[in-house]
Amino acid sequence: MKHLLIIIILFNCYLLHSQKHVDTTKVKSVRYEWKISPITNKTVLNTTLTEYKSGFFKEETNFMTDYYSKDSLNEFGFYKVYKEDFNNPLLELSMEKLYVNALLNNLERLYYDKHGNFDSLVNTINRPVFEKVKIVSNNVYKRKNKLKYITTNHSRDSVAFKYNFFGQLKAIEFYKDSKAHKVLRYKKNLLVSEQIFESKRFKKTLRNKYNKNRQLIRKDIDDNYFHRYLYENDLLIKKEKVRKRDNIITAYTLFTYGTNGLIISKKEYQDEELKEEYIYKYE
């Protein structure tokens with residue numbers, strides 16, 4: 001399962017631009033996420049997101065950094081550096097192309113080949129002496145630099161890519177020990193369904209729905225768990241995470257966005273009771 005998770009992470013950031021230099025010299029904007037206690041109404045800085053003029057983002061998890069500030073294993077802190085890509089139909093849940101990921105005593109750096117596809121990952125680990133682990137991707141291409149399949153030197157898992165007659169992506173198949181584990185299906189470059197083979201006899205299908213402007217309006221995450229999206233003038237104004245049990249909503253998260261498309265608040269409910277609230281400030 002760990003190996004499959006690694007290859008899925010690598011797949012999620014494979015089809016983008018080649019890494020040359022992570023430029024974080026000139027700041028464009030900073031977003032602060034503040035967590036509000038529903039009991040005391042006090043605020044605590046949760047995360048800081050810095051956008052740079054180069055197009056890179058750095059997200060720091062402040063509360064985790066503070067919590068582990070005196071931990072001997074906290075060598076690198078808690079942050080990630082990435083770029084956004086809103087036009088890549090192959091990304092499943094995130095629009096983030098990851099370059100650096102720091103977690104306590106682990107520091108991952110991701111690299112890409114000349115086509116912009118994932119090439120390798122170098123993980124520096126302090127346990128308690130420094131070690132380096134390198135994961136290398138074997139990318140096999142079809143004509144016009146279209147990926148045919150990928151494997152890594154770290155596991156026996158693989159990913160295969162299928163295209164239609166016109167060269168459009170039709171499906172992405174994930175294999176574990178030569179057996180299909182998951183299939184993503186596409187139509188007109190949009191992810192429309194995800195099939196998960198949980199056993200030989202049981203297959204689960206999750207679906208996506210879009211509006212006439214090709215904007216995602218509903219995404220199934222799991223059984224009885226889905227996301228809903230509401231737009232106004234082509235801008236996202238509301239996102240909902242809904243979890244049900246016996247057709248009753250048991251957990252609900254509401255994200256609200258301003259007219260500029262920036263998130264302004266997030267509220268998390270459990271059985272209709274407000275559990276967590278976040279507000280966002282920009283500079």
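Check Glu92, Glu108, Glu51 and return the single one that is within 29 Å of Asn138 (Cα to Cα), in contact with a strand residue (DSSP E or B) (Cβ under 9 Å, 6 or more places away or on another chain), at pLDDT 90 or above and acidic (Asp, Glu). Break it down into steps so the answer makes sense when it comes.
On the way: Glu92 fails: at pLDDT 90 or above; Glu51 fails: within 29 Å of Asn138 (Cα to Cα).
From the options Glu92, Glu108, Glu51, the qualifying one is Glu108.
Among the residues of segment 196-206, is there at least one that is closer than 26 Å to Tyr99 by Cα and not hydroxyl-bearing (Ser, Thr, Tyr)? So far as segment 196-206 goes, no, none of its residues is closer than 26 Å to Tyr99 by Cα and not hydroxyl-bearing (Ser, Thr, Tyr). Going by what's in this entry, would Phe226 be described as of a type in the set (A, V, I, L, M, F, W, C), modelled with pLDDT of 95 or more and farther than 27 Å from Asn41 by Cα? Considered against the rule, which asks whether it is of a type in the set (A, V, I, L, M, F, W, C), modelled with pLDDT of 95 or more and farther than 27 Å from Asn41 by Cα, Phe226 comes out as yes.
With the requirement that a residue be closer than 19 Å to Phe202 by Cα and either among the hydrophobic types (A, V, I, L, M, F, W, C) or surrounded by 14 or more Cβ atoms within 10 Å (Cβ to Cβ) (or both), what does segment 164-190 give you? Scanning segment 164-190 gives Glu173, Phe174, Tyr175, Lys176, Ala180, His181, Lys182, Val183, Leu184, Arg185.
The selection criterion, being more than 21 Å from the chain's Cα centre (by Cα) and either outside any helix (DSSP H, G or I) or at pLDDT below 70 (or both), holds for Asp71. Among the residues of segment 38-68, those that are under 20 Å from Phe255 (Cβ atoms), free of Cβ contacts under 8 Å to residues at least 24 places away in the same chain and hydroxyl-bearing (Ser, Thr, Tyr) comprise Thr47, Thr48, Thr61. Every condition in (1) touching an Asp or Glu at 6+ places or on another chain (Cβ under 9 Å); (2) among the basic types (Lys, Arg); (3) more than 30 Å from Tyr141 (Cα to Cα) holds for Lys162 except the one numbered (3).
The values are calculated or read from the model by the stated rules, or taken from the named source; none is laboratory data. A quick note: this is a predicted structure, and the numbers were derived from the prediction, not measured. For neighbour counting, all protein chains shown are included, and Cβ atoms are generated from backbone atoms with ideal geometry for every residue, glycine included.
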